[in-house]
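Quick notes on the structure that follows.
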DNA sequence: GCTACATGATTCACGTGTCAACTAGATGTG
DNA sequence: CACATCTAGTTGACACGTGAATCATGTAGC
């Protein structure tokens, strides 16, 4: 099922849409990240880690669970946690069940920083992203993202042989 | 003119669209860049610089013209050019009219690399991006990008007092 | 138990981005 | 001409991302 993708190159209109889309939303991402940084001294990486830990039972996760949850490479997470630990946002402690592993624990300070960042961050998303569009356009964007995810076969069950 | 942006936070639907959009198109960008790297051993930064130089008269530009053209910070361009020069894609030569400046010249090798990269790169854009959508959806994406550009006041004349 | 392999996590080298400081040549004003 | 100031470009410190290599611990097969 599905139509065969045509073998031609993109037209100049298609190319222009690609370029406009990627360049524009790159700026959007940068603006929202910059607001997060200014408002809360957090990078988007910090925020993502704090969000995941905050939702976790006991505000702690095994490092590899965390990596899987936010879909990051392990080495990426390792570096990120190192920086966050230096700033006191998280703590790493040895894991009782598996001496190889580490539990990543949200500190009180990390928890406070996350709670304080949420509202202004959501606000920035509203101001910069949501308010740019009509409800129609926003719905179209949602559909486009869904179409893309299906095109790329994301959303597929992650552990299939 | 224009409706006042409401002061409420984004709804969970709006937030979901934001997250789906940014995460999905981050993956799209990564895939297309990875194809460019595999097909042509070029990063997207390399490609952008080569594209600009290739279009320039004499396949050369002053460093600051180049920076302005592709809208990069000067230090970013400086580092990029250093790496590209090491690989033989561009050459920097002193500038006759202004001894401070440098002319960035596309080398024969850089020109060849760019020409060889174009088709596979366009092909990747078609495969990964364009073919994910119906023509309607693609048009909607173009409109969304335009709405966002206008929301952010991009497209404004760059040199207004 | 011992060897082989799988797994959790870190480390290293490198490419890449930002911002602030710096160098050196241009320019404008007395 | 002397001085302040502007401009072109580089450099350095740091944050961040990737992939390969490394190290230690777990687990399976004998």
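Read the figures in this text as sums done on the coordinates, not as results from a lab. All values derive from a computational prediction rather than experimental measurement. Every residue, glycine as well, gets a Cβ built from its backbone with ideal geometry; the counts of neighbours run over all protein chains shown.
Listed values, structure above:
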quantity: Whole-angstrom Cα spans of the protein assembly as shown along principal axes, big to small; calculated: 64, 55, 43
quantity: Nearest 10 degrees, 0 to 90: helix A:135-151 Cα axis against chain A principal axis; calculated: 80
quantity: Using a 7 Å Cα-to-Cβ projection, residue B:143 label spacings across copies, nm, ascending; calculated: 1.0
quantity: Percentage, to the nearest whole number, of Cα pairs in chain B over 19 Å apart; calculated: 67
quantity: For the range B:17-151: relative contact order, % (alpha-carbon pairs under 8 angstrom, 6 or more apart); calculated: 26
quantity: For the range B:62-142: Kirkwood Rh in Å [reciprocal of mean 1/r, alpha carbons]; calculated: 15.2
quantity: Helix-only mean residue ellipticity at 222 nm for chain B, each DSSP H run of n ≥ 4 adding -39500 (n - 2.57), per residue, nearest 500; calculated: -20000 deg cm²/dmol
quantity: Degrees between helix A:74-86 axis and first principal axis of chain A (Cα, 0 to 90, nearest 10); calculated: 50
quantity: Inter-chain Cβ neighbour average for residues A:7-16, partner chain, 10 Å; calculated: 5
quantity: Cβ-Cβ FRET estimate between residue B:8 and residue A:136, R0 fixed at 30 Å, reported to 0.05; calculated: 0.95
quantity: Order of B:155, B:127 under a 10 Å beta carbon neighbour criterion, fewest first; calculated: B:155, B:127
quantity: Cα-based helix-to-principal-axis angle, B:108-124 vs chain B, degrees rounded to 10; calculated: 20
